[in-house]
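Just below is one structure, and these are the notes that go with it.
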Amino acid sequence: MANRQQPTSMPIHKYRPYEMVEIPDRTWPDKRITQAPRWLSTDLRDGNQALIDPMSPARKRAMFDLLVKMGYKEIEVGFPASGQTDFDFVRSIIEDEGAIPDDVTISVLTQAREDLIERTVESLKGAKRATVHLYNATAPVFRRVVFRGSKDDIKQIAVDGTRLVMEYADKLLGPETEFGYQYSPEIFTDTELDFALEVCEAVMDVWQPGPDREIILNLPATVERSAPSTHADRFEWMHRNLSRREYVCLSAHPHNDRGTAVAAAEMAVMAGADRVEGCLFGQGERTGNVDLVTLGMNLFSQGVDPQIDFSRIDEIRRTWEYCNQMEVHPRHPYIGDLVYTSFSGSHQDAIKKGFDAMEADAKAQGRTVDEIEWAVPYLPIDPKDVGRSYEAVIRVNSQSGKGGVAYVLKNDHKLDLPRRMQIEFSKIIQTKTDVEGGEVTPNEIWTVFQDEYLPNPDNAWGRIQVKVGQATTDKEGVDTLTVEATVDGEDRTLTGFGNGPISAFFDALQSIGIDVRLLDYQEHTMSEGASAQAASYIECAIDGKVLWGIGIDANTTRASLKAVVSAVNRAAR
């Protein structure tokens with residue numbers, strides 16, 4: 001068929017094709033990624049600087065602790081010479097004993113000015129493992145427009161900066177610090193390859209890499225300008241032509257201006273990159289840095305251990321959203337609310353048959369489903385591997401129950417249900433309409449909701465009814481919760497310990513054989529004023545089931561405990 005598309009009036013004359021790299025014997029297309037590269041998270045630097053409202057110290061610390069918990073061993077923690085806030089944060093995690101595990105290296109960024117370098121190195125005093133990351137722009141447009149200097153001038157900036165980093169490290173840092181160095185020819189994507197190589201070689205001549213003296217050479221796609229295949233060609237060229245390659249950690253730092261940062265990073269690793277810098281969920285300047293979560297989960301989906309723990313992806317998302325004051329898109333790979341949902345009836349049928357086939361295959365092999373190879377249509381991974389359940393988020397678009405039900409509960413009863421709870425409850429309403437037919441009125445919706453989540457205390461169902469609870473916190477920050485409850489008709493006193501009342505309540509429930517794991521928690525006030533009540537929503541994994549519970553109370557702690565009881569009782573119903 002002929003192409004009927006017509007030329008446009010868009011000013012294409014303003015742009016030119018990206019220069020290709022001549023490597024007729026390129027090898028990277030035949031490579032496979034069989035192990036994870038080294039990762040560096042720059043959420044606290046590149047990610048933070050891209051926020052309209054940069055992170056507060058508390059939010060920075062929460063992000064740092066999250067990255068450590070996930071398993072990142074290289075974390076860029078700031079630009080300490082840019083202002084007191086970043087400097088103080090770097091000092092705070094160094095001076096807080098135990099905040100930085102012994103096997104974690106913190107990295108700090110600086111430009112190649114002496115006053116900035118001195119301040120940057122000063123921020124690292126007392127650190128066990130630390131890297132200074134120095135950069136200067138090397139691209140022609142920067143040489144001509146910004147610096148108005150020659151190639152030799154630009155190269156000298158990198159050489160002098162490297163020498164100053166070494167001098168101040170010797171002067172200010174003690175023997176307790178294992179010190180490393182990273183250099184980036186900024187705007188590598190627009191820099192001539194031979195000049196980028198020349199600058200990197202000059203920097204290495206100063207640093208003198210060798211055994212036990214690595215240098216990190218980071219080649220940033222500060223602005224993504226080419227197809228990922230061309231980016232890989234540039235990496236293979238540098239990989240082939242760098243001297244002292246065995247002492248160089250070749251690092252990729254893709255941005256997502258063309259929307260192909262993940263592919264660019266993967267192909268760079270195939271072409272010789274040892275390390276990738278990025279941010280969780282692709283946060284960063286403009287269209288963002290490469291997404292470390294997608295990169296890691298792509299490896300996981302191919303049977304390669306990412307060496308980063310994504311098993312509680314919703315916990316990661318909650319912390320990320322708190323720190324960045326942003327929301328993850330519902331279609332974001334591996335994590336969005338809708339990524340394990342199929343609207344199409346044929347897709348849902350194929351998925352159901354896939355689950356049935358896996359159960360049959362596992363039974364035939366005398367193994368559990370979790371022990372055999374995953375093979376379910378339309379689901380690239382098992383959602384449970386990241387703490388999700390397909391059943392918890394399935395939606396049927398042949399009915400309008402979810403939107404209508406959510407509207408009634410919010411408009412008539414001030415309950416703003418989380419998205420996945422909306423989906424869960426709409427399925428309950430759909431079951432009712434399938435059985436009884438006809439219209440479900442707002443009063444009927446509320447009656448069903450109360451019976452499902454908020455049973456009348458005078459006619460309560462379920463294993464547990466909590467009468468009274470008391471929480472205390474010791475000087476170490478550990479919460480102790482004691483509750484008087486009726487368990488299976490018997491009065492009991494339950495005691496638990498944890499990081500917060502919910503965690504302590506989970507611990508108390510363990511004592512009666514109930515294993516509960518938190519997947520999501522949200523709360524809001526239902527009105528204003530001194531007598532306002534709060535609604536708490538909690539998503540839990542209980543004995544293989546993923547269920548929501550709700551609690552309503554003037555006290556937010558009691559509301560959260562009621563929400564846990566609601567979910568636990570529903571699991572046993």
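What to note about this one:
- Condition met for Arg144 (among the basic types (Lys, Arg), in the same structural domain as Glu176 (by the TED database) and without any contact (Cβ under 8 Å) to a residue 12 or more places away in the chain): yes
- Residue list for the range 286-306, restricted to those being in contact with a His (Cβ under 9 Å, 6 or more places away or on another chain) and either under 29 Å from Glu214 (Cα atoms) or surrounded by 24 or more Cβ atoms within 10 Å (Cβ to Cβ) (or both): Gly288, Asn289, Val290, Asp291, Val293, Thr294
- Screening Asp88 with (1) acidic (Asp, Glu); (2) touching a helix residue (DSSP H, G or I) at 6+ places or on another chain (Cβ under 9 Å); (3) assigned to a loop (DSSP other than H, G, I, E, B) gives one miss only, at (3).
- Residue among Phe147, Phe79, Phe89, Phe142 that is exposed (fewer than 15 other Cβ atoms within 10 Å of the Cβ) and of a type in the set (Phe, Trp, Tyr): Phe147
- Meets criteria (part of a strand (DSSP E or B), of a type outside the set (D, E, K, R) and surrounded by fewer than 24 Cβ atoms within 10 Å (Cβ to Cβ)) for Pro185: no
- Among the residues here, Ser536 does not qualify as under 21 Å from Arg312 (Cβ atoms), hydroxyl-bearing (Ser, Thr, Tyr) and out of contact with any strand residue (DSSP E or B) (no Cβ under 6 Å at 6 or more places or on another chain).
- Val199 being assigned to a helix (DSSP H, G or I), surrounded by 22 or more Cβ atoms within 10 Å (Cβ to Cβ), in the same structural domain as Arg244 (by the TED database) and touching a residue at least 40 places away in the same chain (Cβ under 8 Å): yes
- Contacts under 9 angstrom Cβ, first residue in the range 202-227 being touching a residue at least 60 places away in the same chain (Cβ under 8 Å), partner surrounded by fewer than 18 Cβ atoms within 10 Å (Cβ to Cβ) and of a type in the set (Phe, Trp, Tyr), 6 or more apart: Arg225/Tyr18; Ser226/Tyr18; Ala227/Tyr18
- Hits in the range 350-389 (condition: in contact with a strand residue (DSSP E or B) (Cβ under 7 Å, 6 or more places away or on another chain) and either under 21 Å from Asp337 (Cβ atoms) or charged (D, E, K, R) (or both)): Ile351, Phe355, Gly387, Ser389
- Qualifying residue in the range 71-82 (condition: farther than 19 Å from Phe179 by Cα and in the same structural domain as Ala127 (by the TED database)): yes
- Among the residues making up the range 167-186, none is modelled with pLDDT under 95 and under 23 Å from Ile154 (Cα atoms).
- Close pairs (7 angstrom Cβ cut-off, 6 or more residues apart or separate chains): surrounded by 19 or more Cβ atoms within 10 Å (Cβ to Cβ) in the range 150-167, assigned to a helix (DSSP H, G or I) and acidic (Asp, Glu) anywhere: Lys155/Glu198; Leu164/Glu114
- Enumeration of residues in the range 318-343 that are under 18 Å from Asp382 (Cα atoms) and within 9 Å of the chain's Cα centre (by Cα): Ile335
- Out of Ile106, Ile117, one residue alone is modelled with pLDDT of 95 or more, surrounded by 22 or more Cβ atoms within 10 Å (Cβ to Cβ), in the same structural domain as Lys73 (by the TED database) and out of contact with any Leu (no Cβ under 7 Å at 6 or more places or on another chain). It is Ile106.
- Residue in the range 11-59 that is surrounded by the fewest Cβ atoms within 10 Å (Cβ to Cβ), counting only those that are of a type in the set (Asp, Glu) and part of a helix (DSSP H, G or I): Asp30
Residue-wise test of (1) modelled with pLDDT of 90 or more; (2) acidic (Asp, Glu); (3) touching a helix residue (DSSP H, G or I) at 6+ places or on another chain (Cβ under 6 Å); (4) within 28 Å of Glu424 (Cβ to Cβ).
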| position | (1), (2), (3), (4) |
| --- | --- |
| Asp474 | no, yes, no, no |
| Val487 | no, no, no, yes |
| Gly500 | no, no, no, yes |
| Arg517 | yes, no, no, yes |
| Cys540 | yes, no, yes, yes |
| Val546 | yes, no, yes, yes |
| Gly549 | yes, no, yes, yes |
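- Any hit, the range 122-129, residues being in a helix (DSSP H, G or I), in the same structural domain as Glu74 (by the TED database) and either within 29 Å of the chain's Cα centre (by Cα) or crowded, with 22+ Cβ neighbours inside 10 Å (or both): no
- Among the residues of the range 234-266, the ones that are among the acidic types (Asp, Glu), buried (at least 19 other Cβ atoms within 10 Å of the Cβ) and over 19 Å from the mean Cα position of the chain (by Cα) come to 1 in all.
- Taken as a whole, the range 451-474 holds at least one residue that is part of a helix (DSSP H, G or I) and buried (at least 16 other Cβ atoms within 10 Å of the Cβ).
- Looking only at the range 503-554, and only at residues there that are among the β-branched types (Val, Ile, Thr) and touching a residue at least 40 places away in the same chain (Cβ under 8 Å), the one that is farthest from Lys384 (Cα to Cα): Ile552
The values are calculated or read from the model by the stated rules, or taken from the named source; none is laboratory data. It should be emphasised that the depicted structure is a prediction, and the values quoted were computed from it without experimental measurement. All Cβ positions, even for glycine, are placed from backbone atoms using ideal geometry, and neighbour counts span all protein chains on display.
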